[in-house]
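Here is the structure we will look at, set down as structure tokens.
What follows is calculated from the coordinates using simple rules that are stated; it is not laboratory data. Keep in mind it's a predicted model, so treat the numbers as computed, not measured. A quick note on method: Cβ atoms are made from the backbone with ideal geometry, for glycine too, and the neighbour counts reach across all protein chains shown.
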Amino acid sequence: MKAREFWLLFAPSLLVMGGLLVIPLVRTVQWSFESVHYGSPGSFVGLENFATALTDPRFGRAVLFTLAVTAATVVILLVLGYLIATAINRITRSRPIVLGIMLVSYVLPNLVGAVAFSWLFDDNFGGVINRMIEFFGGNQVLWFTDQVPNGILVIVNTVWHMLPFAMLIILAGLQGVPTELREAGIIDGARAVQSHLHIIIPTIRGVLGFVTLISIMDVLRMFDNLIALSPQAASIGNESIMLYVYSVAFADGAQRLGLGSAINVLTIILILTLLIPFIRGIFKEAKAAR
Amino acid sequence: MTYNDDLTTRAITIRDMPTTTRKPRLRKRPPAWVSALLALLCLLMLSPFIWMMLSVTKPTDVAFSNPPVLWGYQLTFTAFVDLWQTTYFADYLVNTLVVAVVSTLIALVIGIPAAYALSRFPSYISALLLVLALVFRALPRFAVALPMYDISRALGIYDTTFALAIALVAINQPFTIWLLRNFFAEIPRELDEAAMIDGCTRIGMLRRVMIPLMGPGILTAGIFVFLFAFQEYLTALVLTDTSSKTVPVFIATQLGQTLPMLQQAGAASMLLTIPVVAIAFIAQKYLVAGLSDGAVKG
Amino acid sequence: MSITKNRAFALTAAIAVGGLILTGCGAGGRTASKNATAVSCDYTAPDSATTVNVLAYNSSAVDPFTNTMVSSCTKGKVAVKHDPIDFGGQVTKTTATLSGSTGSYDIIETYSFVIPGLARDKKLRPLNDLFEKYADKYGLNDINKSMRAGMSYEGNLYALPMQAQMFVMAYRADVFDNLGIKVPTTFDEMIAAAKAIKAAGVMDYPIALPWLATSDIGTSFQAAMNSLDADFVSKDGTVTLDTPEAKQALQSMLSLKPYMDPQVTTFDQPKVQQQMFNGTAAMSIMFSGRMNDLTLTSNSKLSDSFKFAAPPKVNAAAKYSYDRLSIDGWSIPFNTKLDPDMLFVMMASAVSEDASKASIPAAYPARNGMVTADNSPYGKAATDSIASAMPPIASPVLASVTTEIRPILVQILAGNLTINDGAAQMQAVAQKIVG
């Protein structure tokens, strides 16, 4: 293909992405050095916004919470995703229906799912889970005001939302494992565990890496579900980075756009740092492949 | 890491073998406990919706009772009727659909040629694109949405379905191209050349040869972009107000409502759920293909 | 994967989506709301098609006025449009629409607490001229004078009063009667009642108050201070958040906590209603506009058991009750492009005599002598509440002070900060705003 043809075909897409992703991104970087309000030009303040963000304990707590939820979610997704994929890999006739049901929580708007989820835990909506805990003799759990139970609630909801995705990718990976190995995988008992740990998992480690990557990216951005699940996120220290940006730069007409942008820039740096190993892997692979 | 290449074949395998008709190579049936666990899992995954559906079809006075009323009540759909009749829910649903359809169409029209071009160009560009797509996908959404809000207000297109649709095209474009590129990459280049020798121009060839061949791939990408747009809350929250409000944004503003309207908010969630679930079931095969094929490779 | 299969799939998908669109169109626009009143709304219509966007939160007290405006003033080429929204949503949207040179809304619901701040920042259009012009036609002089004063700042009227809201206590008469408990008039009596109810095994947390950490909690703290004849700032504008009264107010609030649901800081007024509906609480104090919901049989099986009273005092020596008086009204944002005369006529017809009458008992209209003990189940409680409330201090800084001290207040009530330290922090934060 000639270069001219390439650019001709690529131009419309490039134009849209340049105009609607790159320009806003440049604006964010510019704002992060300014004191600025919507609709009016800002004034340069140097690194002041970054200093404010980095010295604000609320930002520290938001980063910590976000990273903690991300780490916990990713581990649970990998383990549960693998187990469920292995189980589904063994069923045949009912597989489409099981996959269809599993997909529901993934295709639904995260916020709507979180609202439905919160009703299970809220006494003012019947609190069916709380009634079960009570029935089995447990104590009252403060799902919405206690940091740890609320954190667990958020993690469980995130896992519930992303599990279908993780499971499907791992399932795709399992389909590619050679038959002889899969035969070994269905033998029950101690030998099966060995074969999973030493044969199947190493074979699909690339797929597991991919699930890790996407999960990290998506959980780091979490926002929607906290609206329903953590009504007082800031005061119990369960605020995500995105929720923090929202509350300083948009919610209730908040106008600290400079600070919000600085946090965005810091978040981008954080994400890129976490992505470096994956990016290097892709480049290496591209070099090796062609 | 070498997962890209072996997965190409794997992904094709899963995509081209409809699970319903495939003859199981492993004849051994799964033990009963596996089936039981999976059934339980399905129930758990659906439990929030089952609970919500129960709540919104109860009479208002027992809808959110504590302890919950589980039987002996009169099934009612008042919440759904009131939602249709006393709010602009129909408008929000139409807005949501228009945004989803328009952004899907635009995303495909500009994404298909771009993805094709990338699939036929040297690999270092592809690798670069892959990295860029990754980075753009990972971006904190507000880093793009807040400037979009400011710019759209300055341009006077704030709170229009068009602004939201085009914003979503851009946000989902890296994923669209990435998915489509992987489907194009499976079509041998020799085919292009044969068609071009027969006198097709590059664009004519794309239209007459590639796109028909790419049917399933395009459908898969389309379903994904449609679902992403249909799901979007954050961008819609920032870019819409009164005249282009979407259903997720509407639901979020109803969480602090009092009783009859709170039940309607639940009904709205259910009405949004049903079509998406229908799509998930109908398009299950394509979603699986998209997730495993496109996603894994990129 | 065969082509026929793809076609079949595409067809199914198209039917699924198409079916949705059809039902959507079939539903059409809004049907007239059940509680709208037909009133005259004679404005000079503009030549072109016009949409008037109204921002007003939904509650059974505000809805009758909003619905009347929407149904009576939508005619010809003019459509009055109101999107349902909760109170928190209204707060967010108000600041957002007033923040730029153009806004999304043309008429906004405001309340006395925010008027001074918005007026000082010139976010609302003064209404004096329009009030004079239409006073006779819509009988506006019958709107309570002190409520008009409550919606004024530096001599200018900024909102047309629609209704008053005051704290009212709702309680379970059946539970109180069974246990021989009298209606509490102080926090101590409330606690005693709660102890008795708990001891009888009726419920664990008999008291429910709207203490939502991101909103209502500030109002509750202010009500407690008002009971002690104090506020966040004094009349001359000095911050009074580290005074003995402030500390006493915090102490009194903390003393109620053991008798409230531990998650009370996630409760807005609808959630408190929910506690009453479900029988998980026996006493609650909310704005009067939330009371009528409790009396509706459609909302709860317990609707017959609720009775109403003026809110108690923080302690026996307190001058006033734990109370807030709020006036709801209609304002014209400074940045609307529509004809102010038309907008004012819409507002005036929504608060006209007929509309106001029809809003009882859900609301407590701003017109003189409308609510009596006979026409509203909580009419007497409301009148008693007004009589026992501290006259409000109007200061443009109150709204922003309330927002800024809220996180500290939450930490004090959660027990993470001592009263002394917390009061000192609130004082410091508020002084920074006042300057």
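Tabulated results
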quantity: Whole-number percent relative contact order across chain C, with pairs defined as alpha carbons under 8 Å at least 6 apart; calculated: 25 percent
quantity: Using θ = phi - 60° and Karplus 6.51 cos²θ - 1.76 cosθ + 1.60, couplings along the stretch C:154-165 (whole Hz; Gly, Pro as x); calculated: 6, x, 9, 7, 10, 8, 8, x, 10, 7, 9, 10
quantity: Under-5 Å amide H pairs with C:TYR322, H placed in peptide plane, nonlocal only; calculated: C:LYS313, C:VAL314
quantity: Highest-MSF residue in chain A out of A:GLY39, A:GLY100, A:GLY176 [GNM, Cα springs under 10 Å]; calculated: A:GLY39
quantity: Cβ-derived FRET efficiency at R0 25 Å, A:LEU274 paired with A:GLN194, nearest 0.05; calculated: 0.15
quantity: GNM flexibility winner over chain C from C:ASP261, C:ASP121, C:ASP216 (Cα, springs under 10 Å); calculated: C:ASP121
quantity: Residue of C:ASP83, C:ASP323, C:ASP293 that the Gaussian network model of chain C assigns the largest fluctuation, springs spanning Cα pairs under 10 Å; calculated: C:ASP83
quantity: FRET efficiency estimate (nearest 0.05) - Cβ-Cβ, B:ASP198 to C:THR403, R0 56 angstrom; calculated: 0.20
quantity: Relative contact order [Cα under 8 Å, 6+ residues apart], the stretch B:78-297, whole percent; calculated: 35 percent
quantity: Whole-Hz ³J(HN,Hα) from phi, Karplus 6.51 cos²θ - 1.76 cosθ + 1.60, for the stretch C:115-130, glycine and proline x; calculated: 4, x, x, 5, 5, 4, 7, 6, 8, 10, 7, x, 10, 3, 4, 5
quantity: DSSP bridge pairs, chain C: antiparallel proportion in percent, nearest 5; calculated: 70 percent
quantity: Candidate aspartates and glutamates for bridging to A:LYS284, where Cα separation is under 14 Å - those fewer than 8 sequence places away on the same chain excluded; calculated: B:ASP5
quantity: Interchain or long-range residues, amide H under 5 Å from C:LEU157's placed H; calculated: C:LEU127, C:ASN128
quantity: Ordering of C:167-175, C:275-283, A:22-30 by packing [mean C-beta count within 10 Å, highest first]; calculated: C:275-283, C:167-175, A:22-30
quantity: At R0 = 45 Å, FRET efficiency that the Cβ-Cβ distance of C:ALA373 and C:ASP42 yields, to 0.05; calculated: 0.80
quantity: Neighbour count of at most 11 Cβ within 10 Å plus DSSP loop: longest chymotrypsin sites (Phe, Trp or Tyr not before Pro)-free window in chain B; calculated: B:78-298
quantity: √(5λ) per eigenvalue of the Cα gyration tensor, the stretch A:89-140, largest first, Å; calculated: 30, 17, 7
quantity: Beta bridge orientation in the protein assembly as shown: antiparallel %, DSSP, nearest 5; calculated: 70 percent
quantity: Shielding by partners - mean other protein chain Cβ count within 10 Å, residues of A:83-94; calculated: 5
quantity: Too-long pairs where the Cα-Cα distance tops 20 Å, listed order kept, from B:LYS245/B:LYS285; C:LYS301/C:LYS357; C:LYS271/C:LYS313; C:LYS81/C:LYS337; C:LYS247/C:LYS319; C:LYS247/C:LYS313; calculated: B:LYS245/B:LYS285; C:LYS301/C:LYS357; C:LYS271/C:LYS313
quantity: All aspartates and glutamates inside 12 Å of C:LYS137 as judged from Cα atoms, apart from same-chain residues fewer than 8 positions distant; calculated: C:ASP42, C:GLU353
quantity: Residue-averaged 222 nm ellipticity for chain B, from DSSP H runs of 4+ at -39500 (n - 2.57), nearest 500; calculated: -23000 deg cm²/dmol
quantity: Per-residue [θ]222 nm for chain A (sum of -39500 (n - 2.57) over DSSP H runs n ≥ 4, rounded to 500); calculated: -23000 deg cm²/dmol
quantity: Point-charge dipole on Cβ atoms (K/R +1, D/E -1) for the protein assembly as shown, about Cα centre, debye to 20; calculated: 3440 debye
quantity: Inter-chain Cβ neighbour average for residues A:237-245, partner chain, 10 Å; calculated: 2
quantity: Contact order relative to length of the stretch B:87-185, as percent, for alpha carbon pairs under 8 angstrom and 6 or more apart; calculated: 53 percent
quantity: For B:106-114, mean number of other protein chain Cβ atoms within 10 Å; calculated: 4
quantity: Within straight-line cross-link reach of B:LYS58, aspartates and glutamates at Cα separation under 20 Å, skipping those fewer than 8 residues along the same chain; calculated: A:ASP122, A:ASP123, B:ASP82, C:ASP293
quantity: Other-chain or far-sequence residues with amide H under 5 Å of C:ILE327's (modelled H); calculated: C:SER112, C:PHE113, C:GLN165
